[in-house]
1. Is it the case that B:K237 is closer than 27 Å to B:Y401 by Cβ and within 14 Å of chain E (Cβ to nearest Cβ)?
2. Based on this model, can you work out whether D:A99 counts as open to solvent by 10 Å² or more (accessible area, probe 1.4 Å), more than 7 Å from chain E (Cβ to nearest Cβ) and in contact with a helix residue (DSSP H, G or I) (Cβ under 6 Å, 6 or more places away or on another chain)?
3. Filtering the range B:240-265 down to residues that are surrounded by fewer than 23 Cβ atoms within 10 Å (Cβ to Cβ) and assigned to a helix (DSSP H, G or I), which residue is farthest from the other protein chains (Cβ to nearest Cβ)?
4. Which one of the conditions (1) touching a residue at least 12 places away in the same chain (Cβ under 8 Å); (2) out of contact with any Gly (no Cβ under 6 Å at 6 or more places or on another chain); (3) more than 20 Å from E:A176 (Cβ to Cβ) does D:E33 fail to meet, given that it meets all the rest?
5. Quick one: in the range C:478-489, of everything that is modelled with pLDDT of 95 or more and more than 22 Å from C:R553 (Cα to Cα), which residue is least open to solvent (accessible area, probe 1.4 Å)?
6. What's the number of the condition B:H137 fails, among (1) more than 23 Å from B:V350 (Cβ to Cβ); (2) assigned by TED's automatic domain parsing to the domain that holds B:V254?
7. Restricting attention to the range C:490-523, which residues are β-branched (V, I, T), open to solvent by less than 20 Å² (accessible area, probe 1.4 Å) and within 13 Å of another protein chain (Cβ to nearest Cβ)?
8. Given the range C:1-59, what strands (runs of 3 or more DSSP E) lie entirely inside it while holding 1 or more residues that are at positive phi?
Amino acid sequence: MALKQVQTTCAYCGAGCQIMFTVDTDANKIVEAVPADGRTNAGTLCLKGHYGWDYLNDPQILTKRLRKPMIRKGGKKSPLVEVSWEEAISYVAKRLGEIKEKFGPDSIMGTGSARGAGNEANYLMQKFMRACIGTNNVDHCARI
Amino acid sequence: MIVAIDQNICTGCRECAEVCPAYAIVGEQGKPQTIDTDRCVMCGQCVQKCKSYVSVLTHGKDAYERVKKERNIPDSVQEPLFAAHAVCHLNEVKAALADKNRFTIVQCAPAVRVAIAEEFGAELGTLTPGKLSAALHALGFDRVYDTNFPADVTIMEEGTELVKRVTEGGVLPMFTSCCPAWVKFLEDNYPELKDHLSSAKSPQQIGGAIFKTYGAQLEGREGKDIYSVSVMPCTCKEFESERPEMKDSGFRDVDAAITTRDLAWLIKDMGIDWEALDEQEFDQPLGLYTGAGTIFGVTGGVMEAAIRTGYELVTGQPIPDLEVTAVRGTEGFRTSVIKVGDLDLKVGVVTGLKNVVPVLEAVKNGTLDLHFIEVMTCPEGCVSGGGQPKLLMDTDREEAYAARRAATFAHDRELAYRKSHENPAIKKIYEEFLEEPNSHIAHHLLHTTYCNK
Amino acid sequence: MGIPEIEDAGCLLCFGYNGADSHPIVARRIVRGKQKGMKIICADPRVTETARISDIHLQLKGGSNLALVNAMANVIWNEGLADKKFIDEHTKGFDEFLKVIEKYTPEYAEPITHIPAETIRRAARVYATTKPAMILYGMGVCQFTQAVDVVKGLANLALMTGNFGGPSMGIGPVRGQNNVQGACDMGALPNSYPGYQNVTVPEIREKFEKAWGVPLSDQVGCPITHVPHRILHEKEEKKRIHAYYIFGEDPAQSDPDLAEVREALDKCDFVVMQDIYMNKTGLYADVILPATAWGENEGIYTCADRGFQRVRKLIEPEGDMRPDWQIIADISTAMGYPMNYKNTEEIWNEMIDLCPSFTGATYEKIEKYGGVQWPCRDKSMEDKGTPYLHKDGIFATKDHKALFYGTDWHPPVELENDQYPMTLSTVREVGHYSVRTMTGNCRTLRNLEDEPGWVQMNTEDCEKMNLKKGELVKILSKRGYCITRCLPTDRVKPGATYMTYQWWIGACNELTTAKLDPISNTPEYKYCACRVEKIEDQQWAERHVMELYDDIRAQMGIDTGKGAKA
Amino acid sequence: MNYFVKGNPDLCIGCRTCMIGCVVAHEGKHIFEVDPDSYSFNPKLHMVKTANLSVPVQCKHCENPACMAVCPVGAISQKDHCIVIDTEKCMGCKSCMDACPFGAINMTVQTGKFQADGTEKKVANKCDLCYGFSGGPACVRVCPTEALTLVTEDELGDAMERKRAEAARNAYLETHPQE
Amino acid sequence: MKKEIGSFVVGDSTKCTGCKACELACFTVHNRKSNHLGKTVGTVTVPVTPRLFLTKFEQGCMPIQCKHCEDAPCLNACTKGAISRIDHQVIVDAEKCIGCKDCMQACPFGAIALLPYARDGRLVGQAMSSEPKVFASKCDLCEGIEGGPACVRVCPHQALRLVDPEAEREEKNIRAAEALLLTKNWR
């Protein structure tokens, strides 16, 4: 078992706690989380920080982890069909392009994410909406 | 010993001591109890209360049959037996019934007809005078008379006595005397007040005296041929019947007093199917009774019956409201003032013997301004008597008493005559035999004296 | 100010913020402050953990925030407790503000707030006279139709007492989600580019047009809470929304008036969902794009006190998932606007150069110092960021002066009535996060609390309805209903109920109203009228809840042994 | 003297990290990889929240434990400063639960064990001070607000001694005010 | 919360006088239908078979009854499958019981007695024996009987208590937590 330690920021709440994870790189699994001495958390963690990481191994408890791109090929209510990334990307690009063409850029709405995605992804999302689509229709769930 | 506690069965819980009005149960907590027979008034409330049953687990496999034999209980009985119990005379009664030479007369008290059916699985307080009469006939009694009839006589005698005491000046307040446990209690503890007791005998004893005299005449027989049995809700009635002064017929007036429970045993023992019985009337003429007689079974009933008649004796007018609700109720001591013509008749009703002590003290001190006081030993009068069907669960007690009381009043309402003096058989017996209330012969047969301890 | 500074404040006014449930590690600072002698004033209709240890608990009636805030300002002024020097030197608009708060005497506020006038006075005095005084506020302020006004009202309190520009003072919104601050920082907002640069300011727009090489829209975009309306009811054809690209969110669970949200998603021509787990929104998505999760990719989050911190890859994703940034870049490229980045640092570097407040926050510094609190304007290693804002009372306005801004209180939109005599407010639960796709899939957290969640109700209300702890109840508003468990508690006032929004079955957003604050567009999650009904057949209800749960899990692709699969 | 963990309501924020910490310590880390219904989630301490307090309550490890006295099968015993339940011996009669005045004992499903009729087997469950695990009580370790402490004989003794000395000094000062 | 563990009745020897009202009530409610019991003693035609047992000991007396153990030795000992857990309570099926006495021996409380089995007002006999059939008589918490445990209802001194163990535990938790307010500054 090859273990490594990685410090990262907790995925929950805005307190920004630092956690030291022990990872089994052979098994590609988290072994343990202990509080790290971050600026805000100073060596403490709450229950989510301590015990809120095992969703990563897709435990099939509440919802299924998404692993493949999927498209409802028969329209709404039809089943989701797994497709390749190439197909998914080009399908999205085509449909968005058509809608932009037909109804204008402001007919498309995009969201950022206040959760796991991180700042860089949010930057790109708003850039995509503004520069590629051409609208300021971008917002996120800051209000819930 | 009419009421006893079996030392081998008693757990010493002393729940009986809680209900004993005479403080007659002595013993240490947790040890078997004994009854102080000097104090005991034989009311049987301890028998009603006791739950310490003869158990296979505690007393062994054979204990039940042994105890049953010891107590002379019919073999057919399978119901639980308890430490506190009353004596059983059924053997003598059975012998008398079997004896072709004895003319058997039975009377039953008002409270029996509202309770006995419970022993056959009926709802609490089921009213069954017809089945009761039928069962007694089926048992082979030659005459099935009723205590309600002598209760009507009691009203005539006691009512007249009261009117005399009030109008002519006599010892007041006057106490009722139909409850033998109460009478014994007064004799034992307040002998100086015995003149306050009505000299009239209880209905049982009036019945006994009449059956062996007038009753014998009706049959063309002699008193000595008569075997007189009473069925009572009361364990103390046997004691009363055994009192030496109760022989005014020239014989023991009542030969055996059995309880409601005893009668149920007897019916079952003789193989009579209670459910299948058709209703029958009580025999005439000494089984004809009024509503006044039947309400003797509940607290306040004697008082109410007396007022129904007394009102007319005094005023010559029928009472405007027959149902004297002012004296009904279940409180331990309640008083009211009844307008009887110009007279304000001040009456009191005591139920539950423990409640009588302050009343007696007040009478002694002269601080109680009443004319007439009814006293009953048992919690709500004879319907709650010590000889009545015993409840398996005390949580049913309130409902049982209420149901029996309600049935008694319902019976009163359904009867043709509701005042003692209107009973045709009463009129007849006074015409033919007793002359008039408080007459010489009445005094001889129907009145008694009380002893000093 | 920063989170560590909280414990050194002399006085903390904690307003509509329940740290113990939303940020335990921030609550820890409050507890430590209390141990150090900090005076705590807590304005909350519930007895929160902060309220429990507070010196003064202002247990106000829900929806009366501004009346209380204005009354505190009224007391501070009328009792001569204001910092006149600070007001003169660093602020504007005070006289206009005074006119507004004139009528808000504690006696005026008492019947509105249900707080005794004398208690309001006491709180105002403690706040104004204990230095330094800090204000923390949370969703109990923001999730009302009158939200921004209250934030300004709290700022007024800090301004008039000179509580700005030093450590352990000022006012701090404690942002709920791990990167809600970051999403704002990055310009995932309809009105601003990254770094809070307004889309309507021509110079700024020109800067971004130049950097991105395309002309940009000068129109403020659509806020997320307007989307159902824009899909369903928009009359103007060109404003109507036809495509919705949803990224790391679950509006079909988290947004108010879920019935309307579902209808909107159903009617929307094209819905793209990009997420890590299947969720309720996924049921309406035309395309689902699987992304890597926290722990499977690199990046930077911004915590509630503006701290940029690194988030690192822990394990390799198992499956055909891609990082969010990569998916977006691919789509953009496919649509003819090429985006080519090798890693997140490249993206970051492009971003910081466009945002003066972030320019100095390089990966290198964030790595080295463990984090950087913006503003950090200079790339030199000496600029380590800014622990607290408005140093020395210098505000980020043109004349460096802060503006007082007074408004009148108005009641919430949907008040209690005969049919719905109680109020519902949504709240947080410490063991679950957001819509629960993460924490609901964590074993221990699932085992600590699971469907159908709880409705907190006052003990007396429960007694009146003969409701026992744990009993299933039906709770209804005019928009919908759900089933949940009753939790009798003396921590809430009679007539009020509280639910958490992460449950599928006890889904309180079936009930909430979509009425918004006019400026922030935040829904009034904290106030709507509702009714609680007893369920006589509890056995049926327990079974029903289990069936519903199994059904939804099956829809989410879990093999429950029965039910339909997605 | 037995040791015990006690909570401080002034510090507790009711977050229940201690409860999960307890489960993880006793069940082992494998629970992060299994079906959540396949192990027993039994915190041995109980979060109490009333209008004026939040604090976990757990076994006091009494010196004369009522639970131990009433156990009909001798499943409760004293071991190295703590009172522990032998779940193999326990038959779930709840006598200890009824006897404990603190409500520190509850009944918990023993995962994978069943009674003769196939129904779940439940046994008494209470704080064992993480007996047999290294690192001391997990609840104390994981609490983010340091609201839990392990009270040992020495600590309690020292505190009492200090308090007695203080009381004596105060009494002395009362009679010798000039000093 | 859903009821997760079995309730039970306990006696209090400081209140109990030993009157056996509980035993008689227990017998009564359990035989009302099966043996046609009315409200009065006279309606009884079968031996009294209680499911709790008034027990005298040196210091006093109290009824002893089943704790409805969560890993019930009686249930586990019964090879006939006559004891099972129904709605969290440990219940004997008297029809199935063959009187093997294993449960009696397994129970550490003596909460089970072998007593004569009666039906329709008559003892049930058995083939090849003059002895009546017996059954393991133990508390079933008055399962299916209106008003809950009869022993609790009839006790004149409230010496019996139906314990909802989890609810009582939570109440005791609150008292213990309140005590922590007093002892928090123990140092």
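1. So B:K237 fails the test.
2. Yes, satisfied.
3. Top of the filtered list is B:E242.
4. (1)
5. Only one residue tops the list, namely C:C486.
6. Looking at each condition in turn, B:H137 falls short on (2).
7. Passing the criteria: C:V492, C:T500, C:I505, C:T512, C:T522.
8. Values: elements: C:11-15, C:39-43, C:56-58.
Here the list is empty.
The values are calculated or read from the model by the stated rules, or taken from the named source; none is laboratory data. Everything numeric here is computed off the predicted structure, so don't read it as measured data. Using ideal geometry, Cβ is built from the backbone for each residue, glycine included, and neighbour counts are taken over all protein chains shown. The protein model used for the area step is the full one, side chains on, heavy atoms only, and it has no ligands, DNA or RNA in it. Shrake-Rupley method; radii C 1.70, N 1.55, O 1.52, S 1.80 Å.
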